[in-house]
Amino acid sequence: MSAGQHANRSGKSVYLLMGAMVLGGAATVADASFLVPGGTLAPVPAEADLPGGVVVDGGVALPFAGVGYTGTLTTTVFTGDISNPFGINRLTFAYLLTNDASSAHVLHRLTITDFVTALTDVSYQSTSTGVVPSFADRSTTDVIGFQFQNLLGGSEIDPGMQSRLLVIQTDATTYAPTIATVIDGSSANVASFAPSAAVGIPEPGSAALLGTAGAALLARRRRRRCA
């Protein structure tokens, strides 16, 4: 068996196991809303008790700018979330997307990369205020997206508005800087956090370096495209 075949079989086994957890009706996954590669959640489930635990990083509103719009994305990383169906010692990621009042355009979509190795449970916090996402999708193993349209109880994010708190609970124990993309016709990249395959959780305070790390990631991807 080749390495690629082994990895593919291992990945399938993990998601089959996750499905068995749901069918088993374990108390820890009773309210779970798993999002597997190729899957869509429509509408996105609302959960009142998310997120919980201790903030280990993030919580800083980072700016982005596209053609006709500006705004901020706040990413927060939690551990010790008792509602995380993968375990209390696993990481939960929360995202808050804001469209500046001065923007000329609405916002339609947010995507976050680097979830390729992670099992994910996706929802939004019902007790937060803002625009409800229409649906969430994971068209590839790597990217999770939240769509904002006038359907399934959701809407676009108008100027001066923000999203509900978007929550991705994972089985990851480590995290790293990544790139999120805000889309409305044109796209704008902004630094964020996502699961990492590295060993050990980074020291708190990475948010102070997140802009630099995000810029490095963007530069590297541009060089690859130009090569």
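The values are calculated or read from the model by the stated rules, or taken from the named source; none is laboratory data. As the structure is a computational prediction, the values presented were derived from the model and not from experiment. A quick note on method: Cβ atoms are made from the backbone with ideal geometry, for glycine too, and the neighbour counts reach across all protein chains shown.
When SER187 is tested against (1) small (Gly, Ala, Ser); (2) buried (at least 19 other Cβ atoms within 10 Å of the Cβ); (3) modelled with pLDDT of 90 or more, only condition (2) is not met. Within region 143-168, being of a type outside the set (Phe, Trp, Tyr), closer than 13 Å to LEU97 by Cα and touching a Leu at 6+ places or on another chain (Cβ under 8 Å) holds for GLY145, GLU156, ILE157, GLN162, SER163, LEU165, LEU166, VAL167. Within region 50-91, the set of residues being part of a strand (DSSP E or B) and of a type in the set (A, V, I, L, M, F, W, C) comprises VAL54, VAL55, VAL56, VAL60, ALA61, LEU62, PHE64, ALA65, LEU73, VAL77, PHE78. Would you mind stating whether LEU97 is assigned to a strand (DSSP E or B) and under 23 Å from ASP171 (Cβ atoms)? Against the criterion (assigned to a strand (DSSP E or B) and under 23 Å from ASP171 (Cβ atoms)), LEU97 does not qualify. Per this entry, THR98 is not counted among residues that are under 28 Å from GLY160 (Cβ atoms), hydroxyl-bearing (Ser, Thr, Tyr) and modelled with pLDDT under 95. Within region 147-199, being assigned to a strand (DSSP E or B) and more than 15 Å from the chain's Cα centre (by Cα) holds for ILE157, GLN162, ASP184, SER186, SER187, ALA188.
Within region 66-94, if we keep just the residues that are of a type in the set (A, V, I, L, M, F, W, C) and loosely packed, with under 14 Cβ neighbours inside 10 Å, the residue that is nearest to GLY185 (Cα to Cα) turns out to be VAL67.
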